[in-house]
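Since every read-out is calculated from the coordinates, none of them should be taken as a lab result. In this text the structure is predicted, and so the values were computed from the model without any measurement. Note that each Cβ is placed from the backbone with ideal geometry, even for glycine, and that neighbours are counted across all protein chains shown.
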Amino acid sequence: MENKQTPSRKFVCFRRWTRRSYAVFNSLKQHIRIGVLSLSCSILVLPGHSQEQPDSSRTDKTNREIDLGEVVVSAQRTPTVQSQLMRTVQVITKAEIEQSPATGLAGLLEHVSGVDIRQRGAFGMQADISIRGGTFDQTLILLNGVNLTDPQTGHHNLNLPVDLSAIQRIEVLQGPGARIFGPNAFNGAINIITREPGEKSLAVTLAGGEYGFARASVNASFEAGKTAHFLSVDGNRSDGYIPNTDFENLNLYYQSRLSLLKIPLSFQTGYTVRAFAANSFYTPRYPNQFEETKSGFFSLSSEITGKTTFRPLIYWRRHHDRFELFRDAAPEWYTTHNYHMTDVAGASANWMRTSSRFRSSLGLDYRYEHIFSNVLGNELAVPVAVPGESGIFFTRSYQRQHLSLMAEQAVYAGRLSLSGGLLAHLNNSLPQGISLYPGLDAGWQVSQHLRWVASVNRTLRLPTFTDLFYAGPTNLGNPDLKPEEAISLETGLKISKGRVNAELLTYRRWGRNMIDWAKFPGDEKWRSLNLTRVNITGAEAGFNLNFGGTGLNKFLSNVSIHYTWLQADKESEGFTSLYVLDHLRHKLDAGFSHRFSTRSGLTWKLSWQDRAGGYQPFADGSFSEEIPYKPVIQLDVKAHYDFRKIQLFAEATNLTDARILDHANVPQAGRWVMGGVKLVL
């Protein structure tokens, strides 16, 4: 079926139409023509409603896939057709998640181009994530558009209450996003989008493997009257692959949709508990460390549509952290563990108005961050009891508030797309109290299959509470730290033709006041300091090839190869850098999917990584001279066989049993084999 229109009328093509609400389509002010298929990228749309965009994995109530067309994405702060995208956003689909040999979020992101995962343990229990040579504190983490980034330390950013079985897709923004999300989207942002509530389903997964690994998960989706619900429960544990690497993890997550007085509401809440052996976390001098974290959050949002779309959001998150430098057999001088309780509360309001050639948006965002601790912050006049601990008190606290005003204007004129925006950030910890962060994106459709993109943005990252205040046997914070700032420039080409998608990008970041933990010769402690200026140059190139229904699909159904190169203009000469200068210099990611039949398949994921910087080996009670990191190759594989409602799977991480060292003196697990069964009703 096809609508006949005048030649002046623009068409937008969709593939699968699966929503009852067509607010996004209406906002485009363009007619819809049935066509082929696509994804929706929503990481650059107004925060808080990423999950409300159409996706490529839904079906109607009769379980028919409704084929509708090309791709509709949400770029900048307003919905945009794919041909007008001006930023680099990588999307990991539900199908890719299910086929991946990864058993956790960290393992999945390990194979994403430009993403660096550094771990001190297995399955993401002690995982840090960074993008394009940044540090783990420079990446913003969102769950369905809600900012869950931890102000205490980026080490806690992946303490999320969802596992892979509950995730619909993941969107990775490469490059700064401060003008969209505010501070700390310094080098990129990751938006994790959960499954939609409402469509009746039930999935149960049981798995087990070496080193006492066990995992169980249940998620269900259903409708009750005019409300829709999604619930996910999962847990995993292991005895550890070397001494003091055992862990236990529990996640609870719930999301619902309802309409109150004709106002649509979206509610989500979650709770996670992680208890893990933190082998040599702060220093190999004391390897028997341990940590337990507990985190809960909720958010409530809405979307009111008309000529102007209004999207309000409120959220709250509490995070408990108990860190033990000595899990047992503590010396006399060690008198207490470290206790922290962090609260984050926020609210935002976003307005959007669209016409045939213009997109306008305004945003207001408030965020409050507070910590009680016996280590971090300023002295309390009256100590506060630590919840759940007998005779233990918080003796310090610290709080700060952020207010961000955001504006963006996008213009679309034929093959040319332009978007300019500005963030005005107010914070009493800034030198002037207010700072401006502008940005400009451009795109040019050179031909039907070739697109040129470019962007320039100024970005910001505030010090974490740990950067400012932590003082321990091996570390010393700095309350006089200045915020990190940078200007980033990016340009490149994107090719999309048939089953092939390819890109070639280059970027440059001019950074100043970069925050790092460094150790100078003769020092016993790592010190937090500003490294004045650190500039980074990088390039990314790669392609995805989906054979689909062509002749090779009986053996090879999908191939992806991506390479990234990065160079900093400083090296850790005269001192040892713990984070800033220990980036991935070269990274090659390759993925291959085989389809042996309609029921069975095999997926390979390979990553070759060459890290800049080095570390000081520790042996016989002392550190030796710094040595560079060695290049490593990690190969993961997953095989599956599907019955009607049951899937059997087996997977192995680090299949070649390579010695991998992401952080100093803490080797990663060797070959780890596991298997399980998944029931879908």
In whole Hz, the Karplus estimates of ³J(HN,Hα) for the range 590-596 (6.51, -1.76, 1.60; θ = phi - 60°; x where Gly or Pro) are 9, x, 9, 10, 10, 10, 7
Rg to Rh ratio, the chain, alpha-carbon atoms and Kirkwood radius? 0.95
Give or take rounding to whole Å, what are the principal axis extents of the alpha carbon atoms in the range 556-664, in descending order? 61, 34, 20
Zone of F618's modelled label, taken as backbone nitrogen in the range 220-246 under 15 Å from a point 7 Å along Cα→Cβ: 243-245
Just check the range 482-547 against the gyration tensor rule for me: Cα atoms, a ≥ b ≥ c as the square roots of the eigenvalues, rounded for a/c under 1.5, and otherwise prolate or oblate depending on whether a/b exceeds b/c. prolate
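How long are the three semi-axes of the equivalent ellipsoid of the range 497-642, in whole Å, if each is the root of 5 times an eigenvalue of the C-alpha gyration tensor, listed from largest down? Mind showing how you got there, number by number?
Working: eigenvalues 342, 83, 19 Å².
Rounded to whole Å, the semi-axes are 41, 20, 10.
Round to the nearest 0.05 the FRET efficiency obtained for E389 and L250 when R0 = 25 Å and r is the Cβ-Cβ distance.
Values: r = 20 Å, r/R0 = 0.79.
Here the calculated transfer efficiency is 0.80.
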Compute, for the range 173-680, the length of the dipole vector about the Cα centre, with Cβ point charges of +1 (Lys, Arg) and -1 (Asp, Glu) only. Units Debye, rounded to 20. 2480 debye
Expressed as a whole-number percentage, the relative contact order of the chain with C-alpha contacts under 8 angstrom and at least six residues apart is 10 percent
Which distance in nm do the two modelled labels at F298 and W444 give, with both placed 7 Å along the Cα-to-Cβ direction? 5.2 nm
May I ask for the distance between the Cα centers of the range 170-219 and the range 393-423, given as a whole number of Å? 23 Å
Once you put a point 7 Å from the Cα of L261 and another 7 Å from the Cα of K226, both along the Cβ direction, what distance in nm separates them? 1.3 nm
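Return a whole-number percent for the relative contact order of the range 240-323, with Cα pairs under 8 Å and 6 or more residues apart as the contact set. All intermediate terms of the calculation are to be shown ahead of the outcome.
Numbers: 173 pairs, mean separation 21.1, N = 84.
Once divided by the residue count of the range 240-323, the mean separation gives 25 percent.
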Amide H to amide H, which residues 5 or more places from Q168 or on other chains are under 5 Å from it, using H placed in the peptide plane? I193, T194, R195
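Please find the FRET efficiency linking W510 to S597, where r is the Cβ-Cβ separation and R0 is fixed at 56 Å, and quote it to the nearest 0.05. Please list the in-between numbers first.
On the way: r = 53 Å, r/R0 = 0.94.
Efficiency, rounded to the nearest 0.05: 0.60.
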